[in-house]
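Working notes for the structure below.
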């Protein structure tokens, strides 16, 4: 297997852990509902933008999870994109086993958005923002970020608490076309998450849990989420801070600043 240097890394910045992370005791999605009078602590849900085939490619997903207390929006249009059958010549978003992804739509009309369906899903070349608003505090265990273009600024993921204060953020660095990064965040007390894409790209498998006392970790299901359970690994002894868990990436002790090339290697 060939080995190449990863030109970026995932760095969590000033993450706040005021509330312990959580994971579902039985892995069931059915108990996750932020609109219940008595929210089940530790119930988890993976937002995979498929929901067993009930979300169609091209669907504007603003209300797709409204019945469980999750509202999705965008500064443009938040649209489901079928990675098994790419449209808009977006072959860099072709992935096996992921089904629908969530993109910022490039071309659309007001009528299409009002109808809830665009004719040709196509990610916006200059990016945009995807916003998630939660009806009550949640833990965000992780998400998948796809196709962060080379020579572009990192994708920014920001987390906000009930008072609107930013409580944590992470930058997801470029790895090029048709690449996938499974990001472990494990941050709680979140009522809003913003994902800012600076170029084309997509996200998938956003794992959220209702706040509870269980320790952080993944494992809620979804479309082959690939998100490992447990805490991120250590930094390999170089004191730079953790080399956060990314699939197919090993953390090497390069003795440099966090995110430099000799700390992260793709296999």
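In this structure, residue 36 and residue 111 have a Cβ-Cβ separation that, at R0 = 35 Å, corresponds to a calculated FRET efficiency of about 0.50.
If packing is taken as the average number of other Cβ atoms within 10 Å across a peptide's residues, how do 111-117, 138-144 rank, most packed first?
Going by the mean number of other Cβ atoms within 10 Å, highest first, we get 138-144, 111-117.
The residues 98, 34, when put in order of fewest to most other Cβ atoms within 10 Å, stand as 34, 98.
Could you calculate the contour length gain from residue 156 to residue 73, that is, 0.36 nm times the residue separation minus the distance between their Cα atoms, to one decimal place in nm?
Taking 0.36 nm per residue and subtracting the Cα distance, the gain is 28.3 nm.
The packing ranking, built from the mean of other Cβ atoms within 10 Å per residue, places the peptides 87-93, 172-178 in the order 172-178, 87-93, highest first.
Coordinate-derived values only; no laboratory data. What you see is a predicted model, and the numbers here were worked out from it, not measured in a lab. Please note: Cβ atoms are built from the backbone with ideal geometry, for glycine as well, and neighbour counts cover all protein chains shown.
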